[in-house]
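Working notes, beginning with the structure itself.
The values are calculated or read from the model by the stated rules, or taken from the named source; none is laboratory data. Here the structure is a predicted model, which means the values were calculated and not measured. As a convention, Cβ positions derive from the backbone with ideal geometry for all residues, glycine included, and neighbour counts pool all protein chains shown. Remember, those area values only see protein heavy atoms, side chains included, never the ligands or the DNA or RNA. Shrake-Rupley method; radii C 1.70, N 1.55, O 1.52, S 1.80 Å.
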Amino acid sequence: FVLALLIWVCVRYNKRANPEPRKFSHNTTIEVVWTAVPVIILVLIAGPSFSNLFYQENEPDLAAIAQSGDMDDPNVYVDAAKEGWITVKAEGMGNWAWTYYYMDELDADGYPVQYVSNGIHFGLPTDPEPTAEKPLYLATDYPMVVPVNRYIRYQTTSDRVIHSWTVPAFGVKTDAVPG
């Protein structure tokens, strides 16, 4: 579209087609429109995400939810609130890998359950072909698993560099920063 518009402007307003160019300095109506329309578009796009951003940083009070017994609100899970949080720590590792720690679940030695999840589809001969379930550059060999109808608290960190941790089903994208 942009290339076609550029060619049209070059042909329509070249020196042969327009030997005596018009002289004007500005057009207030056009300036208001090209400022207001993008602002309106951005507000329409950003508006629905504000509640998600709020709840991403503010944890619900599970004790209050468990006491309420409100079964009519589709965003409140009383049974899950009674069971409490599942805390998952995602630690970004050097080469597109993650270590997941389930902080509330301990192994036989008393350490949090953990496993490493490596990215796949990097063009190696051993990599499987991309599919709808395992898209190119987004799939891992062992993805993070959490139970349904539970409240999940996640923490992100990194060992060396900034990583982008994304869970599309949660509507979450967070940068994992070293430290």
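Hey, could you check the range 139-154 for residues that are in contact (Cβ under 8 Å) with a residue 24 or more places away in the chain and more than 16 Å from E83 (Cα to Cα) and say which is most open to solvent (accessible area, probe 1.4 Å)? Residue satisfying both the conditions and the ranking: Y142. Listed residues V161, V116; which is hydrophobic (A, V, I, L, M, F, W, C) and part of a strand (DSSP E or B)? Going through V161, V116 in turn, the sole match is V116. Does D104 satisfy the criteria of being more than 30 Å from Q67 (Cβ to Cβ) and either in contact with a Pro (Cβ under 6 Å, 6 or more places away or on another chain) or not β-branched (V, I, T) (or both)? No.
Do we find that S51 is open to solvent by 60 Å² or more (accessible area, probe 1.4 Å), polar (S, T, N, Q) and within 20 Å of the chain's Cα centre (by Cα) in this structure? In short, yes. Only residues that are touching a strand residue (DSSP E or B) at 6+ places or on another chain (Cβ under 9 Å) and at negative phi were counted across the range 112-141, and they come to 14.
Within the range 167-179, being under 15 Å from the mean Cα position of the chain (by Cα) and surrounded by fewer than 11 Cβ atoms within 10 Å (Cβ to Cβ) holds for P168, A169. Would the range 83-94 turn up any residue that is open to solvent by 50 Å² or more (accessible area, probe 1.4 Å), modelled with pLDDT under 85, under 30 Å from T140 (Cβ atoms) and touching a helix residue (DSSP H, G or I) at 6+ places or on another chain (Cβ under 9 Å)? Within the range 83-94, not a single residue is open to solvent by 50 Å² or more (accessible area, probe 1.4 Å), modelled with pLDDT under 85, under 30 Å from T140 (Cβ atoms) and touching a helix residue (DSSP H, G or I) at 6+ places or on another chain (Cβ under 9 Å).
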